[in-house]
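Written below as structure tokens is the structure these notes are about.
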Amino acid sequence: MFISLWEFFYGHFFRFWMKWLLRQMTGKCELQRIFDTYVGAQRTHRIENSLTYSKNKVLQKATLVVQSEVDKCVEDIMKEKNINSEKDASFKICMKACLLQISGYKQLYLDVESVRKKPYDSDNLQHEKLLLKLWNLLMPTKKLKARISKQWADIGFQGDDPKTDFRGMGILGLINLVEAHQILSRSNHPKLGYSYAIVGINLTEMFHSTTLFLFYCDAVFMFYFSLTAGYLVYEFDKFWFEEKPESIMYFNMYREKFHEKIKGLLLDCNVSLTLKI
């Protein structure tokens with residue numbers, strides 16, 4: 001209740017007067033002050049918030065700009081805020097970079113959701129080829145006897161037909177399994193092994209639900225999603241072998257423990273998700 005009241009009064013009263021006072025003191029608008037003070041993801045995040053909560057319609061719409069309209073949007077913002085490019089030469093460059101990152105993330109989110117919402121279709125030849133590719137990557141010396149087969153359990157699926165395991169994550173789950181097959185190659189370890197398919201799909205769901213991909217990217221490519229998903233899969237595999245669980249039956253407990261570890265990392269605006277091999 002208290003937080004909601006503070007957000008209301010801050011957004012409608014305090015913020016306006018605070019911005020006005022700081023502008024009188026510094027001679028710069030809020031956007032310029034952010035560029036002077038912050039860098040990286042923290043800068044982009046604060047710029048997005050400033051644009052979102054602005055009462056100026058031009059600034060509000062800037063958070064929805066598409067990549068092809070970014071240059072014009074920057075010019076409109078500079079015009080609205082009376083920013084002289086000769087006096088503040090870096091503003092145009094910084095604002096363009098932030099808007100490209102904001103629009104890039106939003107498009108990436110839509111792209112990922114589009115793939116996730118696409119169900120696995122056994123009548124789709126491309127889907128079937130991708131599924132068989134997964135089998136051949138993981139079991140190169142063992143031939144699949146039939147499309148519907150108990151053999152799928154050998155790579156971690158729960159039933160005779162893998163398509164039922166993709167219901168939550170759609171074709172996205174299968175794509176990530178194929179992409180991560182080398183990273184999770186230790187899943188068949190005799191003592192610490194785990195069900196490759198189910199673990200891989202679980203990690204895709206975790207990655208999606210915790211919005212691990214809420215980072216700002218410079219361009220719109222699913223490639224960025226795959227890279228970050230690959231990081232998550234690699235780190236889980238390392239985490240699993242470091243923890244040495246007694247049995248796969250404890251998977252959910254260790255999954256949540258790993259989940260909390262990742263969320264803790266994301267609280268740091270300056271975190272760098274780097275693979276340490």
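The values are calculated or read from the model by the stated rules, or taken from the named source; none is laboratory data. Computed from a predicted structure; not experimentally measured. Note that we place each Cβ from the backbone using ideal geometry, even for glycine, and neighbour counts take in every protein chain shown. Accessible surface is based on the protein model in full, side chains and every heavy atom, while ligands, DNA and RNA are left aside. Shrake-Rupley method; radii C 1.70, N 1.55, O 1.52, S 1.80 Å.
When Rg and the Kirkwood Rh are both derived from Cα coordinates, the Rg/Rh ratio for the stretch 123-267 amounts to 0.96. Across the stretch 92-100, coupling constants 3J(HN,Hα) worked out from phi with the 6.51/-1.76/1.60 Karplus curve, θ = phi - 60°, read 4, 5, 5, 5, 4, 4, 5, 5, 5 Hz, and Gly and Pro carry x.
Karplus-based coupling profile of the stretch 57-72, in residue order and whole Hz: 5, 4, 5, 4, 5, 4, 6, 10, 5, 8, 4, 5, 9, 4, 4, 5, with θ = phi - 60° in 6.51 cos²θ - 1.76 cosθ + 1.60 and x standing for Gly or Pro. Scaled against 2.2 N^0.38 Å for its residue count N, the alpha carbon radius of gyration of the stretch 70-140 is 2.01. The residues VAL115, VAL271, sorted by heavy-atom accessible surface at 1.4 Å with ligands and nucleic acids left out, run VAL271, VAL115 from largest to smallest. Length gained on full extension, LYS57 to ASP111: 16.7 nm, using 0.36 nm per residue less the C-alpha separation.
Split the accessible area of the stretch 123-267 by element, probe 1.4 Å, and carbon with sulfur accounts for 56%. For the pair TYR38 and ILE198, label points projected 7 Å from Cα toward Cβ lie 4.2 nm apart.
Placing +1 on the Cβ of every Lys and Arg and -1 on the Cβ of every Asp and Glu, with nothing else charged, gives the stretch 123-267 a dipole about its Cα centre of roughly 440 debye.
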